[in-house]
Amino acid sequence: MRASPHIQTVRRRARAAPPQVSLGANLTSLIDLSFLLVVFFVLVGRISSTERVALHPPTPRDPASELPGDESRVVLNVLASSASDEAYALGSDRFRGDTGGLTALRTRLVDVYLANPKARVNLRADRAARYDRVEPVMRLISAAAAEASVALAAPIEPRVNLVVLREAQGGTRGAKAKQ
Amino acid sequence: MARRRNNDEPRRASNVVPVPIALNLTPMIDVTFQLLIYFLLGTSFVLGEEIYRADLPNRSDVRSRATEVADEPIVVRVRSLGSGPDDYELDIDGPLSKVSSAAELEAMLNASIVSISNPQGTITRANPIVIAPTADARWEHAIEVFDAAVKARFGRVAFATGMNATVRP
């Protein structure tokens, strides 16, 4: 008995090759994520290297310090070098510890306050820096704020954040101090 | 009888050999991950850095500030004896007890605050504290003493810079 045309069509399709199924993984999301991470690290790496120079901030025991907020700030690094070398770093600018360097630093700080009167200065000093290297910076910040407030005819509060390093649990405080 | 194909009819699809057009993404992914690993290893995050908020006075109103400070400040002198974290000595002006470390300073300050339970106390937390390191004192020793005063919840802690700074704990 001959099958109907419909049955014949079904049998013919069943004998044909099975439809191809693509098993390739969709890598688009993976590549997107990877590129985002690469861009993030490129940008963050540059910002960090510009603002912060390699130094070791103090690590008080169980400090009463707090995490920095989101306010705009500039990072003023105080290096533990001798007076004849570069003593301060503000952004990508370096300043010597002599009178000329301090004058240039004050001018730069005035520019910072003129551009942003609400800027805070993160004073990031090396733990081994002498106090007579740090103390002039505090006076400079006050003086620069006063000079900028006169230029802007508006009061500017010189706000400073003293940067410390919170010691990790079970950290090597004594070993770091020898650096 | 077979049907003759007209010249105007399109050819059957089965006669066209499909050419796979695919972009080989493997080298790109390799390079991307190489870059990712490089930046992961090369980037140094500044983890663990925290701050003390200290507001320096504006020089334009030094006169009014000078008249504001009526309390006798507690002057803590810091002198470094070496490069170790505990290699320093403290000296306090006035009748307060002598201390030898920042931890002792914090305890002494807390014990000296006058209150109902401690009527023999001699100071309040409104008293200004001036930290006066010597010129060659290490910054870490100065910060250690500053931290002790902040932990004792004194609101007016200053470094001896010729003007008073106010910390906001």
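The values are calculated or read from the model by the stated rules, or taken from the named source; none is laboratory data. The model shown is predicted, which means the values in this text are computed figures rather than measured ones. No Cβ is skipped: glycine too gets one built from the backbone with ideal geometry, and neighbour counts run over all protein chains shown. When the accessible area is computed, the model is the full protein with side chains, heavy atoms only, and any ligands, DNA or RNA have been set aside. Shrake-Rupley method; radii C 1.70, N 1.55, O 1.52, S 1.80 Å.
Quick notes on this one:
- Taken together, B:Glu104, B:Glu144 contain a single residue that is acidic (Asp, Glu), over 17 Å from A:Val160 (Cα atoms) and open to solvent by less than 20 Å² (accessible area, probe 1.4 Å), which is B:Glu144.
- Candidate set from the range A:51-69 (those that are in a loop (DSSP other than H, G, I, E, B), charged (D, E, K, R) and surrounded by 12 or more Cβ atoms within 10 Å (Cβ to Cβ)); member that is farthest from the other protein chains (Cβ to nearest Cβ): A:Arg61
- Test result for B:Ala152, within 24 Å of A:Arg130 (Cα to Cα), in contact with a strand residue (DSSP E or B) (Cβ under 9 Å, 6 or more places away or on another chain) and hydrophobic (A, V, I, L, M, F, W, C): no
- Residues (outside any strand (DSSP E or B) and open to solvent by less than 50 Å² (accessible area, probe 1.4 Å)) located in the range B:116-125: B:Asn118, B:Gly121
- Contact annotation: residue pairs with Cβ atoms under 8 Å, 6 or more positions apart or on different chains, pairing a residue in the range A:84-104 that is within 20 Å of A:Ala54 (Cβ to Cβ) and free of Cβ contacts under 8 Å to residues at least 40 places away in the same chain with a partner that is among the hydroxyl-bearing types (Ser, Thr, Tyr) and surrounded by fewer than 18 Cβ atoms within 10 Å (Cβ to Cβ), are A:Arg96/A:Ser84; A:Gly97/A:Ser81; A:Gly97/A:Ser82; A:Gly97/A:Ser84.
- With respect to the stated conditions, A:Ser72 is of a type in the set (S, T, N, Q), modelled with pLDDT under 85, within 18 Å of the chain's Cα centre (by Cα) and loosely packed, with under 13 Cβ neighbours inside 10 Å.
- Flag for B:Val75 being open to solvent by less than 70 Å² (accessible area, probe 1.4 Å), more than 14 Å from chain A (Cβ to nearest Cβ), at pLDDT 85 or above and in contact with an Asp or Glu (Cβ under 7 Å, 6 or more places away or on another chain): yes
- Leading residue by the ranking (most open to solvent (accessible area, probe 1.4 Å)) among those in the range B:19-42 that are facing chain A (nearest Cβ under 9 Å) and under 11 Å from A:Leu37 (Cβ atoms): B:Leu40
- Test: residue in the range B:137-148 that is assigned to a strand (DSSP E or B), more than 10 Å from chain A (Cβ to nearest Cβ) and out of contact with any Leu (no Cβ under 6 Å at 6 or more places or on another chain): no
- Considering residues of the range A:90-116 that are hydroxyl-bearing (Ser, Thr, Tyr) and open to solvent by 10 Å² or more (accessible area, probe 1.4 Å) only, the residue nearest to the chain's Cα centre (by Cα): A:Ser92
- Among the residues listed as A:Ala119, A:Ala144, A:Ala153, A:Ala125, the single one being open to solvent by 10 Å² or more (accessible area, probe 1.4 Å) and of a type in the set (A, V, I, L, M): A:Ala153
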